[in-house]
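The values are calculated or read from the model by the stated rules, or taken from the named source; none is laboratory data. The structure presented is a predicted model; accordingly, all values stated were derived computationally and were not measured. Positions of Cβ are generated from backbone atoms using ideal geometry, with glycine treated the same way; all protein chains shown enter the neighbour counts. Heavy atoms of the whole protein, side chains included, go into the accessibility calculation; ligands, DNA and RNA do not. Shrake-Rupley method; radii C 1.70, N 1.55, O 1.52, S 1.80 Å.
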Amino acid sequence: MASLGRTEPERAYWFAISQRRSLGLLFMSHVLAAVAWPYANGPRHIGHVSGFGVPSDVFSRYMRMAGHDVLMVSGTDEHGTPIQVQADKEGVSPRELADRYNRVIVEDLHGLGLSYDLFTRTTTGNHYAVVQELFEGLHRNGYIVPKVTMGAISPSTGRTLPDRYIEGTCPICGYDSARGDQCDNCGNQLDPIDLVNPRSKINGETPEFVETEHFFLDLPGFAESLGRWLDTREGWRTNVLRFSKNLLGDLQPRAITRDLEWGVPIPLDGWRDRNDKRIYVWFDAVIGYLSASIEWARRSGDPEAWRRWWAADGEGKDATGYYFMGKDNIVFHSVIWPALLLGYSGEGDRDGTPGEMGRLNLPTEVVSSEFLTMEGRKFSSSRQVVIYVRDFLDRYDADALRYFIAVAGPESNDTDFTWSEFLRRNNDELVAGWGNLVNRSISMAAKNFGAIPPVDPAGLTEADEALLAVARTGFATVGNLIERHRQKAAIGEAMRVVAEANKYLSDQAPWKLKGEDQKARMGTILHVALQVVSDANTLLTPFLPHSAQQVHELLGGTGVHAPMPSIVQVEDLDGGPSYPVLTGDYTVGARWESTPIEAGRPLAPPKPVFRKLDPSIVDEELARLGS
Ligand SMILES: [Zn+2]
């Protein structure tokens, strides 16, 4: 089964990775980095990738460097009514539309250097099979129940009107733009029929409600077991934990099927072959974390390898799992996905027996970020208050954006992206701080020694020792902050090492040491500075992988320092059409430690690593924004 339909070069590619990974397995702990699935109805803007993409990549890169066996998975979320509606509008099939944006998103995430072990999609045969297995397991344990309900249809077309296209006043808090499935103001889950003054967002008409049979997830059947589990969670951001516990007081059964043709078929007799009922997109998308792990394992040549991150009673019993998303998705990761896992594992309030995959691990931590706004306004594609990842990467470097997100992103507060702040962070911090340190220390060493100079036999001064110690202790400080998802503080500490090194160079002024008798001391100062450049570069590697590779090479290093993902065209493992995935070999590259630089290693005069931006970009970019 595992080799079904694969081409030879592709098989060799996956085999090489899995061989290298298995060599290190005994030394590592297994860490799942589960990254939110972007919806494939359009290109992604920088607000999206600042919430889930870059933070999860920083975490995964650091954890690998620190010796853990990380599995970072995600993919495009491709079912549901919005894609169906947009495909109808464009006169293409939903699959064609999903194909188009799956490719765009894969290329954008690749451009940002996001190191997914597998970035796949929800329209694969593998995903369908895993979703249906979860559905059957939950159904067997009595957590999925049928119910006759009132569904909204559009009176003018007779078609089901998707929840998110129904707007009205929230019956709970009175917010006047609540969506049919959720109120963004109070966070409560809703049903369209509950809305006061419901209206279609497509054409403004009042929807009609008709009887229809659907399956519901019995969420109240998890209130106690979820509560017990949430009580054991440590280290979560307090707002996430508080929000999640509050939801437990009022859990309602939640529909998991819809009147729709586009989605995963319902795997029960009498339903399997029906063309008008499908599993609801939210139910299938959260299962993607598990199905992508299984797809990765099947491609690796060891179809059972996913158990190392998931099997609660077996190889995965000590594994940890971190879920990254924007705050509008917390409920799916802290309540609904854990409920599905508990129910399948036979551990909901009414127990049951585990399905054939066995008991599965629940999230260790739900890492939610806040929202990014753009020049004081909400991102809006329709009003052109937006910059897409692709357009950004056409005009600026990936690490410039990654730096901004790390240092000024929406980690724990809503944050505004402004072009003037982007310019300032790039020019004053990245170029004038880190870029300048790299450039002047390597230039001076190249010009005066042509190589990394040795340390003078007279030894190191107190100032030399002090700076080296600052850099060395950075590994514990920065690493610990990244592990606790405090990336803003972490990059701040790494940049503090950079600032100390710049101050050291100014204080020591090696350029003033002109005489032959002073050359040995000059060499020592530059040796110390280059050692700290090397250390700071390692500390910054999770944040700035592209420039970290360049700095590594400027220091005379060879080979891979910061591994990058590749786009690989793969065959569907179960006979469907081929598709592009993002994957890579991350077993190579720098470790999270200070690596002594070698005196005598040749140096060439450096090329600038970062581009200084002209202040005119601010007005140019603002002119592109709509009003
Ligand atoms: Zn509300």
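Per-residue ellipticity at 222 nm from helix content only, as computed over the chain with -39500 (n - 2.57) for each DSSP H run of at least four residues, stands at -12500 deg cm²/dmol.
For residue 369, the amide hydrogen comes within under 5 Å of the amide hydrogens of 325, 326, 327, counting only partners 5 or more places away or on other chains and with H modelled in the peptide plane.
Legend: calculated FRET efficiency, residue 604 to residue 269, from the Cβ-Cβ distance at R0 = 60 Å, rounded to 0.05, equals 0.30.
Kindly flag which residue pairs out of 327/378; 277/327; 327/488; 447/503; 512/612 have an alpha-carbon separation exceeding 24 Å in this structure. Going by Cα-Cα distance, 277/327; 512/612 fall outside the 24 Å limit. Element breakdown for the chain at a 1.4 angstrom probe: carbon and sulfur atoms account for 50% of the accessible area. Principal-axis analysis of the Cα atoms of the chain puts helix 487-508 at an angle of about 10° to the longest axis. Counting only DSSP beta bridges with both residues in the chain, the antiparallel share comes to about 60 percent. Taking amide hydrogens as placed 1.01 Å from N in the peptide plane, the amide H of residue 374 sits under 5 Å from those of 379, 417, each at least 5 positions away in sequence or on another chain. Averaging the Cα positions of each part gives two centres, and for the range 396-422 and the range 114-157 these lie 35 Å apart. The label point for residue 302 and the one for residue 567, both projected 7 Å from the Cα toward the Cβ, are 3.1 nm apart.
Cα centroids of the range 484-506 and the range 233-311: 40 Å apart. Highest mean packing first, where packing is the average number of other Cβ atoms within 10 Å per residue, the peptides 104-115, 576-587, 484-495, 189-200 line up as 104-115, 484-495, 576-587, 189-200.
Look at where the Cα atoms of the range 37-55 and of the range 314-386 average out, and the two centres are 16 Å apart. Whole-Hz Karplus values for the range 79-86 come out as 9, x, 5, x, 5, 4, 5, 5 Hz, taken residue by residue from phi with 6.51 cos²θ - 1.76 cosθ + 1.60 and θ = phi - 60°; glycine and proline positions read x.
Karplus-based coupling profile of the range 118-126, in residue order and whole Hz: 8, 10, 10, 8, 8, 9, 9, x, 4, with θ = phi - 60° in 6.51 cos²θ - 1.76 cosθ + 1.60 and x standing for Gly or Pro. Taking amide H as placed 1.01 Å from N in the peptide plane, the amide H of residue 260 sits under 5 Å from that of 277, 278, each at least 5 places away or on another chain. Once the Cα-Cα distance is subtracted from the 0.36 nm per residue extended length, the residue 186 to residue 455 segment shows a gain of 90.6 nm.
With the simple spin-label model, which puts each label point 7 Å out from Cα in the Cβ direction, the residue 489 to residue 261 separation comes to 5.4 nm. Once the Cα atoms of helix 288-300 and of the chain are each reduced to a long axis, what angle between those two axes, in degrees from 0 to 90 to the nearest 10, is obtained? With both axes taken from Cα atoms, the answer is about 60 degrees. Normalised by 2.2 N^0.38 Å, where N is the number of residues, the C-alpha radius of gyration of the chain stands at 1.04.
For the chain, the longest principal axis of the Cα atoms and the long axis of helix 519-540 meet at an angle of about 0 degrees. Solvent-accessible surface of protein heavy atoms, probed at 1.4 angstrom with all chains present, puts 145, 532 in the order 145, 532, largest first.
Spin-label model, residue 206 to residue 593: label points 7 Å out along the Cα-to-beta-carbon direction sit 7.2 nm apart.
Computed from backbone phi, the HN-Hα couplings of the range 609-618 come to 7, 10, 9, 6, 9, 6, x, 5, 5, 4 Hz, rounded to whole numbers (Karplus: 6.51 cos²θ - 1.76 cosθ + 1.60, θ = phi - 60°; Gly and Pro given as x).
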